[in-house]
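Quick notes on the structure that follows.
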Amino acid sequence: MQDLTFVTPTICKLMDVESPVGSNSDHIETLTDKARTDNIAKVDKCLIYAPDAVGMHLYEDHRLEFDKILDFAPLSVRLRSMIPPKTPVCFASMFTGLKPDSHGINIYSRPVLKCATLFDAMILAGKKVAIVAVKNSSIDLIFRERQMDYFSEDYDQQVTDRTIQLLEMDQHDVIVAYHQEYDDALHKTAPDSAPAIAAFENHINSFTKLAGVFNRSWSKYNRMLAFAPDHGAHFDSETQKGTHGLDISEDMEISHFYAINKQEQQ
Ligand SMILES: [Zn+2]
């Protein structure tokens, strides 16, 4: 089954950029097939929305929320998370195309990655990259020390606001926006508690809002949109709280949702 290491080579292939060294040599054919069918030779711009812990454990009880994602990103791709399914392990694999033993984050630790990443590949190809993340989150820390723009925000709402601003300014080619409220809530309560589900719904609403701006501001480009979480979560009966990090379906099974949209005629 395809896993998170398929994401980077797929984005590189779609944007006609050479994959980072050692990256998975396979890609997600659903997406390259879609680009070919629609005569999109090359994707110019990419927005990746990465909500923490929004896995398929939420799907059965919240299908209508997932339908809202599909309205903007209709290409759904089942993926396996990485082992252990912890945030820095997963995002390191998602944005390098490398397995944990190769990128070096195989426990919960957050060093700056020294290996080549999606962002390095994009920078080498002359693209402008921005990461917009909650301050001191894994994504905010492990991809530092590159010639790209880092926006460390107080929390999810500020991340959304900043990302909208960047889309409207149109000075970047690849933007990653990271949200963490659902993960925060599930660790304090449970994966299906009322506050956790409210946080999950906030992520869906943030995504649809960003997707609207993405389509308006980048209408003249061939563009790619991704809803790309890192892992799922389960309820730990010992602590009576939500958690993740095990090789079990609730933690490991995720779906990504993509759109590849053709530029609108001027
Ligand atoms: Zn977590």
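Computed from the coordinates by the stated procedures, all read-outs in this text should not be read as laboratory data. What you see is a predicted model; the values in this text were computed from it and never measured. Methodologically, a virtual Cβ is constructed for each residue, glycine included, from the backbone with ideal geometry; neighbour enumeration extends over all protein chains shown.
Summary table below
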read-out: Kirkwood hydrodynamic radius over Cα pairs of the chain, then Stokes diffusion coefficient at 20 °C and 1.002 mPa s, in µm²/s; value: 118 µm²/s
read-out: Size of charge dipole - the chain - debye, nearest 20, with Cβ of Lys, Arg +1 and Asp, Glu -1, no other charges; value: 860 debye
read-out: Among VAL134, THR239, VAL213 the positive-end extreme of the charge dipole of segment 125-266 (Cβ point charges); value: VAL213
read-out: Cβ-based net charge around ASP183, under 13 Å, with every Lys or Arg adding one and every Asp or Glu removing one; value: -3
read-out: Estimated 222 nm signal from helices in the chain, with DSSP H stretches of n ≥ 4 weighted -39500 (n - 2.57), rounded to 500; value: -11000 deg cm²/dmol
read-out: Peptides 91-97, 232-238, 170-176, 109-115 ordered by average Cβ neighbours within 10 Å, highest first; value: 91-97, 170-176, 232-238, 109-115
read-out: Given charges at beta-carbon only (K, R positive; D, E negative), |dipole| of segment 96-192 in Debye; value: 500 debye
read-out: Where a label projected 7 Å from the Cα of GLN240 along Cα→Cβ would reach, residues of segment 183-210 with amide N under 13 Å; value: 189-190
read-out: Note, ³J(HN,Hα) from phi for segment 225-238, Karplus 6.51, -1.76, 1.60, rounded to Hz, x at Gly and Pro; value: 10, 10, 10, 9, x, 9, 6, x, 6, 9, 8, 9, 5, 6
read-out: Shape category assigned to segment 93-249 from the gyration tensor of Cα positions, a/c cut at 1.5; value: oblate
read-out: Distance between modelled label sites at LYS128 and MET169, nm, 7 Å Cα→Cβ extension; value: 0.8 nm
